[in-house]
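Single-structure report; data block below.
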Amino acid sequence: QVQLVESGGGLVQAGGSLRLSCAASGRTFSRYAVGWFRQAPGKDREFVGSSRWSAGTTYYANSVKGRFTISRDNAMVYLQMNNLRPEDTAVYYCAAGPDGLPKLWVSSTDFDYWGQGTQVTVSS
C-alpha cells in the first residue's frame, strides 16, 4: 500500500505560480508512474499530467501544456504551476501506480493510489 500526501496548495492571483508537492510514505517513486489530476466543484476529475521516469515520458493535458511541469527528486513529486488562471481553480490530486504495465497513464483508472488532495484557488 502506498500512501500519498499532497501539499503546497493555496490562494494565488491570476498569473501567479504555485508548486505542489507529493510525498509517498516510506518509499520513492522510482518504480511508479505518477499523475496529477484535478477536480473543480460540480465537474468530473480531469487529467493534468503524468510521468513515467522508467520510460522518460511525460504527458500533459492541452489546457496546462506549457504552463505546468512535473518533476521529482528522490522521494517527492512536484507540479510546478505557472501563469495560473481562474479556471485552474480545483482540488489537485497526486496519484501513483506500478510502472511497467501497458497503460497510457492519462485516465484516473490507470492509477491505484491517491492522495487526499490540496486546494488551489486562483483569483481574477
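Contact order normalised by length for the chain, with contacts defined as Cα pairs under 8 Å and 6 or more residues apart; what percent is it?
Answer for the chain is 36 percent.
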| task | Quantify, in whole percent, the carbon and sulfur part of the accessible surface of the chain (1.4 Å probe; protein heavy atoms only). | result | 47 percent
| Length-normalised contact order of region 51-124 in % [C-alpha pairs under 8 Å, at least 6 apart] | 29 percent
| In nm, what is the difference between 0.36 nm times the number of residues separating Arg72 and Thr109 and their Cα-Cα distance? | 11.1 nm
| field | Rg to Rh, two decimals, where region 12-69 supplies the alpha carbon set and Rh follows Kirkwood | value | 1.00
| Asn83-Gln39 FRET efficiency (beta carbon distance; Förster radius 25 Å; 0.05 resolution) | 0.75
| query | Roughly how compact is region 38-124, stated as its Cα Rg over 2.2 N^0.38 Å to two decimals? | reply | 1.09
| field | Three-way shape call for region 75-124 based on the alpha-carbon gyration tensor, with the a/c threshold at 1.5 | value | prolate
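The values are calculated or read from the model by the stated rules, or taken from the named source; none is laboratory data. Treat the numbers as computed from the prediction; the structure is a model and nothing was measured. Cβ atoms come from the backbone with ideal geometry, glycine included; neighbour counts cover every protein chain shown. SASA here: full protein model, heavy atoms, side chains in, ligands and nucleic acids out. Shrake-Rupley method; radii C 1.70, N 1.55, O 1.52, S 1.80 Å.
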